[in-house]
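Just below is one structure, and these are the notes that go with it.
The values are calculated or read from the model by the stated rules, or taken from the named source; none is laboratory data. Just so it is clear, the structure is predicted and the values come from calculations on it, not from any experiment. In this analysis, Cβ positions are derived from the backbone assuming ideal geometry, glycine residues included, and neighbour counts consider all displayed protein chains.
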Amino acid sequence: MEESGGKERKDSEEISLLVEELIQLSVRRSMVVSNVKLSLICSVWTKKSVNLEIFRAQLKSIWKTKKNFEIQLVGQNLFLIAFDLKKDLEAVMEGCPWLFHKNLILFEGLSRLTERDQIRLVSLPFWIKIGSCPPEFDKNGLLHAIGGTFGGIIRSEISGDICRLRINLNVQKPLRRGIFVSSDNIVKVWISFKYEKFSIFYFGYGRMGHGLNDCLVISPTEKNKIRDDPPYTIALKAESNLVERESIKFNAYVKKLVSQCSYMGVADQELISSRKNEEFIFK
């Protein structure tokens, strides 16, 4: 009897619904509406929830706009920003990237009705500082060639030996530490990249958005290995004076090769040609 009573109590905990309550309605998604032309849609590149009031207060503190702007929540970590002055909007975009609690804020212009599932915030303008440019290469040509691998150049600057590129960076992809460059009769050279106004990124696979401690994919054992020998380091930050180990290893090889060539006279061209396509493999 007790066993039967227990079963009856268990069954009684089930929720009974009316026929009308079982109806499932299909409703069209609401649109993200911009009431003014000077609007940006934005999101913070983090899985953590962002408090609207704190977010609004920080942006008003760091942007220092000439006129007012309003922020409203239009989705999960999705915000609509409306400006009163066009120059304020332009200044905000020119100042990208912006950070909120060390996380990137992604922006995109919004001038029409847009469904939320059509919004894709995955890139933003970034300044990249190019490592020491070898004198053998034309700087303008070098910058445009590198910019082409990022999908194009927004702007480039050359000041002496310092070269900078303004490009749209896809934050979903791992950060690139550099690139090999070559030209006629010149052995390939490793050109390192440094990123300005950097955010949190993961030393394990170089993606922005979270640090090592917050990574849910890597096991504790793997995290310890990465701490001891990280594939990515803070040398990627433009503010850092550290040099990436790839740059040290690759360019040490090139210096050795050039040194060999300088003592071989007419054999220079043959030696360079034989080594131009040699693969660089380091553990």
For the stretch 121-147, the count of residues that are part of a loop (DSSP other than H, G, I, E, B) and not acidic (D, E) equals 8
Out of L25, L40, report the one residue that is at pLDDT 90 or above and not assigned by TED's automatic domain parsing to the domain that holds F198.
-> L40
Kindly establish whether S61 is in a helix (DSSP H, G or I), closer than 25 Å to E90 by Cβ, modelled with pLDDT of 90 or more and not charged (D, E, K, R).
-> yes
Consider L89 carefully, then state whether it is crowded, with 19+ Cβ neighbours inside 10 Å and part of a helix (DSSP H, G or I).
-> yes
Check on L99, surrounded by 13 or more Cβ atoms within 10 Å (Cβ to Cβ), touching a residue at least 24 places away in the same chain (Cβ under 8 Å), in contact with a Pro (Cβ under 6 Å, 6 or more places away or on another chain) and farther than 17 Å from S39 by Cα | no
Within the stretch 172-205, how many residues turn out to be at pLDDT below 85, among the β-branched types (V, I, T) and within 21 Å of the chain's Cα centre (by Cα)?
-> 1
State yes or no: is K139 touching a Cys at 6+ places or on another chain (Cβ under 7 Å), touching a residue at least 24 places away in the same chain (Cβ under 8 Å) and not assigned by TED's automatic domain parsing to the domain that holds K47?
-> yes
